[in-house]
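Engineer: Can you keep this structure in mind? I'll have questions shortly.
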Amino acid sequence: MIDKGQMLSRHDFSKVNWGILAAAALLLTIGGTLLLLPLLSNMEESGVLTLLQTGAATILLGCILLALRHFLRPAFSYRLYEHGVRVVSSHNHKERFIPFEKITDIYRFRGIPLLGGLCGGLCEAMAFRTAADQPWCTVFSNVSHAWTLRDTIINQQIQLRGTMALNALYQGEVIDFRYQNCKARWLNLLLRGDLQRLQGQTLHLSAKTLSTPQGNIAIEQIHSQVTDAEQGKIHLLNDQGQTLVTLCYFSLLSADLFIALLEHMIANRIPAYRNPAVTQQAC
């Protein structure tokens, strides 16, 4: 029996989706009324034609809004618990519980907002999975309180997997992070739920070396890292403030975990550990 803990919040349709539904219902009602008016009153032919055209256009607009709402309908809804998240498929209503410690990869995408909040679900996205061969669970902004859900999942990954990762680094193991350069194609496949098809590169992080597509960097050369939130860039700097390598935050899977590990390694100068218990204080 999995200990889920107390349920903290529900994440279903956002208010934008219900607003679209209300607007569509209003337009369909008005359009239907306009089409019925010529049958209930004696009007001139020109007035009847105007009402029919207006009613048809109003109904068409309502149908377009319904189609848009269907397109923006989230593929999953979520129930956030103390120890994990319950994922409910909107297509077949199947449910599964994912403990936070099982989440291995997190992908985030940030685009340019279009039409305000109406298209926010297409511009702000996160996806997570439990293994490389497992399907992704997507969290777009059309899910209510999406940012709360995303931040909780990311923070839990850092707290739970960060300690394990640091201990693995101390033992001489290598931690791999997937890296993808083509952000636009990521979004295309993310919308289709087909991220498995996209092959990227791999960053290898050990206690002594960071291996990137640009080359290998000794950890002892990295004296600070700067994250540019606006541009989505991660700059790794040497002791003179010069950039050793720049990575795209939105192209790196589990980027927040990567940043947390590097910050801890820089502050504590791995591999200069003398006591593995020090890693228990990570993150």
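Engineer: For the range 29-82, name all the residues that are small (Gly, Ala, Ser) and closer than 23 Å to residue 136 by Cα. Step through it out loud before you land on a result.
Structural biologist: The initial filter retains those residues of the range 29-82 that are small (Gly, Ala, Ser), namely 31-32, 41, 46-47, 55-57, 62, 67, 75, 77.
Listed by number, the residues that qualify are 75, 77.
Listed here are the residues, each with its yes/no results for (1) buried (at least 18 other Cβ atoms within 10 Å of the Cβ); (2) aliphatic (A, V, I, L, M).
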site	(1), (2)
218	no, yes
224	no, no
230	no, no
253	yes, yes
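Engineer: Answer with yes or no whether residue 74 is touching a helix residue (DSSP H, G or I) at 6+ places or on another chain (Cβ under 8 Å), part of a loop (DSSP other than H, G, I, E, B) and in contact (Cβ under 8 Å) with a residue 12 or more places away in the chain.
Structural biologist: Working: touching a helix residue (DSSP H, G or I) at 6+ places or on another chain (Cβ under 8 Å): yes; part of a loop (DSSP other than H, G, I, E, B): yes; in contact (Cβ under 8 Å) with a residue 12 or more places away in the chain: yes.
The answer is yes for residue 74.
Engineer: Could you tell me whether any residue of the range 250-268 is in a strand (DSSP E or B) and modelled with pLDDT of 85 or more?
Structural biologist: Taking the range 250-268 first, the residues in a strand (DSSP E or B) are 252.
After this cut, where a residue has to be modelled with pLDDT of 85 or more as well, the list is 252.
Scanning the range 250-268 turns up at least one residue that is in a strand (DSSP E or B) and modelled with pLDDT of 85 or more.
Engineer: Quick check: is even one residue across the range 22-32 outside any loop (DSSP other than H, G, I, E, B), under 30 Å from residue 85 (Cβ atoms) and free of Cβ contacts under 8 Å to residues at least 60 places away in the same chain?
Structural biologist: Yes, that holds for at least one residue.
Engineer: Among the residues that make up the range 153-171, is at least one of them more than 29 Å from residue 265 (Cβ to Cβ) and modelled with pLDDT of 85 or more?
Structural biologist: Keep residues of the range 153-171 that are more than 29 Å from residue 265 (Cβ to Cβ), which gives none.
No: the range 153-171 contains no residue that is more than 29 Å from residue 265 (Cβ to Cβ) and modelled with pLDDT of 85 or more.
The values are calculated or read from the model by the stated rules, or taken from the named source; none is laboratory data. Computed from a prediction, not measured in an experiment: that's the story for all the values here. Counting neighbours? That spans all protein chains shown, and the Cβs are built from the backbone with ideal geometry, glycine included.
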